[in-house]
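**Q** This structure is in structure tokens; I'll ask about it shortly.
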Amino acid sequence: MKDNIYTADLLGAVFNSMPAMVFVIDENAEILFGNRSGLSVTHYWFETIEGKRGGDAFDCYHHHNSSGGCGTSEQCKYCDIRNSVKATLSGNTINRKRTRMDLLKNGEITEVFLLITTAPFKYNGDDFVILIMEDFEEIAEINKLIPICSRCKVIRNGDQALQKLEQYFNKEWGMGFSHGLCPDCLEKELDKIREHKKKP
């Protein structure tokens, strides 16, 4: 399969020029090959990536927790990349999801936030998955303009519905708020209380 694709110079050039990390995954969740951007974050190159699993190739922290490597540790059942590939293969559907990977770099755990897309395709009767991985921090920076009301601070989401600031960040980013007061606002609230007490 790989030889056939790379004999098509145009397809190979397009595949390798894509800025996103792109991999072709087989039904055993093993990587057949990746483009230049994808391979740049692994320890492998075109000739050596075939047959590796994602966690092994990316040096996922959790693949070190089991002698069987990627897909065999307790944490692997929660892996969004692995589950998205499985869902795409079983349901023949395109899946898109934000996720986080814990990578081991220079002996330290590094969090990487990704937007992953999995899409199915067939070749010579066999099922495969295209896995696209994009740096979510870069995407968030590009799309950081959020439509928010300057008066009441509600946010208009992608469905044009209005929701409170706290609800938006909790849903989209998994963030919570403490609802404390900054020193200036605390002083203003105390002034209101003092003024109220002065009234007969």
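The values are calculated or read from the model by the stated rules, or taken from the named source; none is laboratory data. From a predicted model like this one, the values you see are computed outputs, not experimental measurements. Please note: Cβ atoms are built from the backbone with ideal geometry, for glycine as well, and neighbour counts cover all protein chains shown.
**Q** Quick check on the stretch 190-199. Is at least one of its residues at pLDDT below 75 and either over 28 Å from M101 (Cβ atoms) or surrounded by fewer than 12 Cβ atoms within 10 Å (Cβ to Cβ) (or both)? Walk me through it before giving the result.
**A** Residues of the stretch 190-199 at pLDDT below 75: 199.
If we keep only those that are either over 28 Å from M101 (Cβ atoms) or surrounded by fewer than 12 Cβ atoms within 10 Å (Cβ to Cβ) (or both) as well, we get 199.
Yes.
**Q** Among the residues of the stretch 173-189, is there at least one that is at pLDDT below 70, of a type in the set (A, V, I, L, M, F, W, C) and either under 33 Å from the mean Cα position of the chain (by Cα) or within 30 Å of K97 (Cα to Cα) (or both)?
**A** Scanning the stretch 173-189 turns up at least one residue that is at pLDDT below 70, of a type in the set (A, V, I, L, M, F, W, C) and either under 33 Å from the mean Cα position of the chain (by Cα) or within 30 Å of K97 (Cα to Cα) (or both).
**Q** Let me ask something else about it. Between a first residue in the stretch 71-99 that is on the phi > 0 side of the Ramachandran plot and a second residue that is at pLDDT below 90, which pairs have beta carbons less than 6 Å apart while being 6 or more apart in sequence or on different chains?
**A** Listed pairs, sorted by first residue: G71/R53.
**Q** Can you list the helices (runs of 4 or more DSSP H) lying wholly within the stretch 1-118 that have 1 or more residues being assigned by TED's automatic domain parsing to the domain that holds D135 and either within 20 Å of F136 (Cβ to Cβ) or at pLDDT 85 or above (or both)?
**A** On the way: elements: 2-7, 9-17, 36-39, 54-58, 80-91.
Helices (runs of 4 or more DSSP H) meeting the threshold: 9-17, 36-39, 54-58, 80-91.
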